[in-house]
Amino acid sequence: MITGYSDKLSVRPNEVISFMVSTDAPTFDLSFVNLKCGDPELLETIIPMPSSGEYQGRNQELQIGSYCSVEGWDSQSLTGDFTIGVWIFPTFKKTENQPVLSDRDVDGNGFEIGLTKNGKPYFMLGKIRVVSKVALPIYRWYHLTVRLRNNSLELRAKSHFRDLSCFDDKTFCLQTVEAIPSSNNLFFAINKISNDHFNGKISDPCIFDVWLDDKECNLLENDISGEKIMKSAKFAWDFGRDISTQTVKDMTGKGNHGMLSQLPVRSVTGPHWFGNSDNPLDNLRSYAAIHFHEDSLSNAEWSPDLSMKIPKQWKSGVYAAKLVVDNQVDYLPFAVLPSKGTSSADVAYLLPTFTYLAYANEMQEGKGLNSLYDRYLDGAGVPLTSLLQPLLNIRPQKGLLLNKDGKAFSRNLNADLSMLHWLTEMNIKFDVLSDHDLHREGEELLSQYKVVATGSHPEYASSRMLDGIESFLKSGGNLMYLGGNGFYWVTDLSGDEKTIEVRRPNGTRPWTSEPGEGRHQFSGEIGGLWRERGRPPQKLTGVGFTAQGWTEDDRCGPAQPYIQSNARDDDRVADLYKGINKGELIGDFESLGLGRGAAGDEVDRVDPKLGTPHQAIILGSAIGFSTEYHQAIEEICQINRDCLKQDDANIRADLVWFDTLFGGAVFSAGSINWISCLTYNNCQNTVSTLTYNALIRMLKDNK
């Protein structure tokens, strides 16, 4: 076994990139290759480097599970009378304990409050252990309170006042309590000694160095503002503050802040949310909760095996660190851009690295290796994914996705490499860019080029990316949208540029965000579809997502060719059909695994109501898709017989061209499968011809 990851997906000359490797073999070979094509065969060129050679192998484990730690906390608070309070929302039944708050050390000193393997609340202090008689049903808010006075210990679990189950359980312990302060930090959602994790939401943890009476405990449970009693605590943390950060704020003003690890989910509703707003900024206390998962992962925390500066002589392209052990090979791909502020060509190929991350590790085994299409162990959708982990399906080879006949086909990076091969074969010079760079630099990144071409599936886009492309077009630039289902999901990038975030309150989606949890924690932006934010892709590219061909067992229906429109007789676009016979189907041949046709997988269509420019010209359309293809959810308003019919005119893919008012143009393919047809028959085919004609016309403008 051998695998690894890099700390960047794109890099410029003279910038440093690091590679982390894990293997059970004693040694492994590392070399560098320039990737030219992924399918139908892998084409690579070895790049001689002094750093290539044999490396010592080591097995590195994933550091899985989110939690919070408070360093240097004063555990002396629990040596006399005390009160502990915390809200919990358990979401997963386990066969192990689920610690909520713990500072237990290796000697068993300190305290811990949590749920047993049967879901019963428990409290431990030194050798004393108190367990509630009743297990807590999951998916409900409960307030746990522990009080000690004169060696009388009470554990209470009480349901939320809006929960009609009216759960209220008290357990007592009259043993003599001898508390020895812990030498450990205080942790939320984990016991660092046993590595047991809590799955669910936690809110308002607080510790008092006094015994609170019943009236004060009731005030504590209902301290919606946090001002009535929580600020009088010895320790108290407000999870609603600084949601965009990995810091948990101490609300007492004493500076006992906590630090989050492995990116738990913030911007989630807490016990004080009553549905009045979906914006944390309206009421931070409504969102004073954090959702922890034992299988979340934002940083594998592996040690680097190699850090290297990219040589100045490397041309822009897609490269990879190639790892070899015996007959096992793995690739760690990354893009190399030209030096900042420069370009080596008029054409830029924009790799959809946000989409790569969103699908990273989809259908892969391994706890913690979650894509944005997965759910955590507790059933919650995964809204965060990081590049600081093995990305097992971002590789220059066929993945696990299958067509209806059970054969693997190209998608994402593997398909997008076909575009590099096509550009090379057609003698078109190009630079490679990435979503991460566009998010960071905006129009400045694109301004060096006449033409920017997208990959096959630029589904995930940030507001900065859309702004950059729009500004590029308004400056006279040209856009080739060579994919399908593009510019669809509102996407955020973390401040360190390692993690993307996607919320899914609407749209065609693998899971749905919980009520009130549709806003991003990184920026506070409204998540979901760009269409719902007034920026449907039709406004940018002329077409937008309309249908997909995926079945319930994750197999994709066959593609279809495009039928030419009457536009070939239109002088405005007649030159685009040069070399294509009148009436000839476009893409009527075998693609890279999805059958005969250039339109398939996920397809887009024109829609003037959603913003397709009035001057847009439909060059051709693909229709007659099989029964696997259905309309996107957002296209359907009612459930009836009409929404299932297969002759729906909206289930189609449109090829579009339109000139902008700024001297540039947009060419849109409207299908994920388009790029997978470019290299058929040594690039001598109708898809290649039409794409080439469109590109050459764009290059002849005066930008």
Report summary line: Exception for residue 225 within (1) in contact (Cβ under 8 Å) with a residue 24 or more places away in the chain; (2) open to solvent by less than 50 Å² (accessible area, probe 1.4 Å) falls at (2)
**Report entry** From 153, 125, 101, residue being surrounded by 14 or more Cβ atoms within 10 Å (Cβ to Cβ), within 20 Å of residue 296 (Cα to Cα) and of a type outside the set (Asp, Glu)
**Finding:** 101
Requested in this report: Of all residues in segment 300-312, count the ones that are in a loop (DSSP other than H, G, I, E, B) and either open to solvent by less than 20 Å² (accessible area, probe 1.4 Å) or under 16 Å from residue 17 (Cβ atoms) (or both).
Outcome: 8
Requested in this report: Return the residue satisfying two criteria in turn: it lies in segment 53-79 and is open to solvent by less than 40 Å² (accessible area, probe 1.4 Å) and polar (S, T, N, Q), and of such residues it is farthest from residue 191 (Cα to Cα).
Outcome: 60
Query raised in the report: Quick one: residue 176 ticks every box in (1) open to solvent by 30 Å² or more (accessible area, probe 1.4 Å); (2) without any contact (Cβ under 8 Å) to a residue 24 or more places away in the chain; (3) more than 30 Å from residue 275 (Cα to Cα) bar one, so which box is it?
Result: (2)
Query raised in the report: Any chance segment 258-265 includes a residue that's on the phi > 0 side of the Ramachandran plot, in contact with a His (Cβ under 9 Å, 6 or more places away or on another chain), open to solvent by less than 20 Å² (accessible area, probe 1.4 Å) and modelled with pLDDT of 95 or more?
Result: yes
Report summary line: Of those in segment 436-457 that are in contact with a strand residue (DSSP E or B) (Cβ under 7 Å, 6 or more places away or on another chain) and more than 23 Å from residue 663 (Cβ to Cβ), the residue surrounded by the most Cβ atoms within 10 Å (Cβ to Cβ) is 455
Report task. Find the residue count for segment 242-257, including only residues that are touching a residue at least 24 places away in the same chain (Cβ under 8 Å), closer than 29 Å to residue 81 by Cβ and either part of a loop (DSSP other than H, G, I, E, B) or touching a Ser or Thr at 6+ places or on another chain (Cβ under 6 Å) (or both). Result -> 3
Report summary line: Note on segment 502-528: residues surrounded by 24 or more Cβ atoms within 10 Å (Cβ to Cβ) and out of contact with any Lys or Arg (no Cβ under 9 Å at 6 or more places or on another chain) are 502
Query raised in the report: Among the residues of segment 76-117 satisfying the criterion of being over 14 Å from residue 208 (Cβ atoms) and among the hydroxyl-bearing types (Ser, Thr, Tyr), which is modelled with the lowest pLDDT?
Result: 95
Query raised in the report: Quick check, is residue 44 of a type outside the set (S, T, N, Q), open to solvent by 20 Å² or more (accessible area, probe 1.4 Å), within 18 Å of residue 431 (Cα to Cα) and touching a Cys at 6+ places or on another chain (Cβ under 9 Å)?
Result: yes
Query raised in the report: Looking at 569, 553, 575, which is the one that is farther than 21 Å from residue 618 by Cβ, among the charged types (D, E, K, R) and surrounded by fewer than 17 Cβ atoms within 10 Å (Cβ to Cβ)?
Result: 553
Query raised in the report: Out of the residues in segment 263-281 that are within 30 Å of residue 369 (Cβ to Cβ) and outside any helix (DSSP H, G or I), which is farthest from the chain's Cα centre (by Cα)?
Result: 270
Report summary line: Among residues of segment 406-435 being farther than 14 Å from residue 317 by Cα and of a type in the set (A, V, I, L, M), the residue surrounded by the most Cβ atoms within 10 Å (Cβ to Cβ) is 415
Query - Residues (among the hydroxyl-bearing types (Ser, Thr, Tyr), assigned to a loop (DSSP other than H, G, I, E, B) and within 29 Å of residue 697 (Cβ to Cβ)) located in segment 340-371 - result: 342, 343, 344
Report task. Tell me, yes or no, whether segment 321-328 has at least one residue that is under 30 Å from residue 29 (Cβ atoms) and free of Cβ contacts under 8 Å to residues at least 60 places away in the same chain. Result -> yes
Query raised in the report: Looking at segment 271-287, which of its residues are in contact with a Lys or Arg (Cβ under 7 Å, 6 or more places away or on another chain) and either crowded, with 17+ Cβ neighbours inside 10 Å or over 14 Å from residue 519 (Cβ atoms) (or both)?
Result: 272, 278, 280, 284
Query - Near pairs, Cβ below 7 angstrom, 6+ apart or cross-chain, from segment 408-422 (over 15 Å from residue 395 (Cβ atoms)) to any residue that is in a helix (DSSP H, G or I) - result: 419/675; 422/683; 422/688
Requested in this report: Go through segment 399-433 and give me each residue that's of a type in the set (D, E, K, R) and either touching a Ser or Thr at 6+ places or on another chain (Cβ under 6 Å) or under 29 Å from residue 479 (Cβ atoms) (or both).
Outcome: 411, 416, 425, 429, 431
Requested in this report: Give the residue that is surrounded by the most Cβ atoms within 10 Å (Cβ to Cβ), with candidates limited to residues of segment 666-703 that are within 14 Å of residue 589 (Cβ to Cβ) and β-branched (Val, Ile, Thr).
Outcome: 687
Report summary line: So, first residue under 10 Å from residue 559 (Cβ atoms) and of a type outside the set (Phe, Trp, Tyr) in segment 618-629, second residue in a loop (DSSP other than H, G, I, E, B) and open to solvent by less than 10 Å² (accessible area, probe 1.4 Å), Cβ within less than 9 Å, six or more apart or across chains; the pairs are 622/559; 622/587; 622/597; 622/598; 622/600; 622/670; 626/549; 626/557
Query raised in the report: Are there any pairs, at least 6 apart or on different chains, whose C-beta atoms fall under 6 Å, with the first in segment 577-600 and on the phi > 0 side of the Ramachandran plot and the second aromatic (Phe, Trp, Tyr), and if so, which?
Result: 587/562; 593/409
Query raised in the report: Within segment 27-35, is there a residue that is outside any helix (DSSP H, G or I), in contact with a Lys or Arg (Cβ under 7 Å, 6 or more places away or on another chain) and of a type in the set (Val, Ile, Thr)?
Result: yes
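The values are calculated or read from the model by the stated rules, or taken from the named source; none is laboratory data. Model, not experiment: these values are computed from the prediction. Please note: Cβ atoms are built from the backbone with ideal geometry, for glycine as well, and neighbour counts cover all protein chains shown. Only protein heavy atoms, including side chains, enter the accessible area calculation; ligands, DNA and RNA are left aside. Shrake-Rupley method; radii C 1.70, N 1.55, O 1.52, S 1.80 Å.
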